[in-house]
Amino acid sequence: MKNKDNNFYSNKVVYKPWGYEYIIYRDSNRLAITYVKINPGHKTSLHCHPKKKTGFIILSGNAVVQIGIYKKNVQYHKSVSRLVLRPGLFHSIKATSKQGVEALEFETPFIKKDLIRFKDEYGRKNKAYEGTKFTKNINSNFIRFKKPKLGKKNIYKLSNLKILLEKRKNLKHLPKKDDKTSLAILDGNIVDNKGQKVISYGEIIKTSTLKILSERLRKKKPITLLRVYKKSK
């Protein structure tokens with residue numbers, strides 16, 4: 001995979017038969033976050049990524065996720081729920097709500113054309129990732145996340161949710177009980193007393209889970225976090 005492909009897609013909206021997607025945040029080729037919009041009643045191909053780990057935070061709508069090649073293996077996800085997929089695991093996401101589904105997809109490492117399609121309702125079975133004729137330049141109407149500076153917070157509003165990016169020396173501020181947020185690590189590691197990585201960048205977890213682990217383990221260099229806050233009723 002050449003870097004020029006990653007660079008090209010970093011500044012493009014890619015239109016799909018089920019909706020569209022674009023890179024909303026990128027840290028070189030280590031990690032990228034893609035904003036994904038799936039239209040009502042549509043679904044992605046049943047596909048896998050052989051080389052990269054992927055994960056999702058659902059922002060809005062109801063999603064039915066097929067895991068593996070068997071139709072009966074499904075999970076149901078809604079706003080701020082989390083999904084992490086190992087490399088090579090086939091999956092498909094369908095929007096079952098009237099407003100469709102919006103999600104953030106996390107890729108580690110960032111390899112845009114790392115894709116194998118197994119089944120597809122739009123005639124794309126065995127075809128590669130969409131080429132240039134399916135893309136347009138990103139304009140100012142599309143939100144892009146910026147890397148936060150140490151001790152600072154970057155706050156965004158997306159899908160009636162608050163999304164916060166921050167770079168912290170410690171994790172003391174995280175709540176122990178929190179069912180209304182999801183969290184992803186964008187940089188830094190949580191390690192044991194031997195320096196072995198327990199949690200690293202690209203991981204998606206419950207906010208309170210990271211709080212508990214950070215009290216028993218230790219961090220390695222400042223941690224950059226993305227937190228998605230569900231609106232209180």
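The values are calculated or read from the model by the stated rules, or taken from the named source; none is laboratory data. Only a predicted model underlies this, so the values are computations on that prediction, with no experimental measurement involved. Please note: Cβ atoms are built from the backbone with ideal geometry, for glycine as well, and neighbour counts cover all protein chains shown.
Points worth noting:
- Residue under evaluation Glu105, criteria (1) on the phi < 0 side of the Ramachandran plot; (2) part of a loop (DSSP other than H, G, I, E, B); (3) within 14 Å of the chain's Cα centre (by Cα), criterion not met: (2)
- Within the stretch 185-230, tally of residues that are part of a strand (DSSP E or B) and touching a residue at least 24 places away in the same chain (Cβ under 8 Å): 22
- Among the conditions (1) crowded, with 18+ Cβ neighbours inside 10 Å; (2) over 16 Å from Leu158 (Cβ atoms); (3) in contact (Cβ under 8 Å) with a residue 40 or more places away in the chain, the only one that Leu85 does not satisfy is (3).
- Tally, over the stretch 21-52, of residues that are assigned to a strand (DSSP E or B) and either more than 15 Å from the chain's Cα centre (by Cα) or buried (at least 18 other Cβ atoms within 10 Å of the Cβ) (or both): 18
- Taking the stretch 193-215 as the range and being closer than 17 Å to Gly55 by Cβ, charged (D, E, K, R) and over 19 Å from the mean Cα position of the chain (by Cα) as the test, only Lys197 passes.
- Residues satisfying the stated conditions in the stretch 65-92, i.e. closer than 18 Å to Tyr20 by Cα and either in contact with a Lys or Arg (Cβ under 6 Å, 6 or more places away or on another chain) or assigned to a loop (DSSP other than H, G, I, E, B) (or both): Ser92
Residue-by-condition table, conditions (1) out of contact with any helix residue (DSSP H, G or I) (no Cβ under 7 Å at 6 or more places or on another chain); (2) more than 17 Å from Ile57 (Cβ to Cβ); (3) at pLDDT below 95:
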position: Thr135; (1), (2), (3): yes, yes, no
position: Asn139; (1), (2), (3): yes, yes, yes
position: Lys146; (1), (2), (3): yes, yes, no
position: Lys176; (1), (2), (3): no, yes, yes
position: Asp179; (1), (2), (3): yes, no, yes
position: Lys211; (1), (2), (3): yes, yes, yes
position: Glu215; (1), (2), (3): yes, yes, yes
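- Residue match in the stretch 170-180 (condition: more than 28 Å from Val14 (Cβ to Cβ), surrounded by 17 or more Cβ atoms within 10 Å (Cβ to Cβ) and acidic (Asp, Glu)): yes
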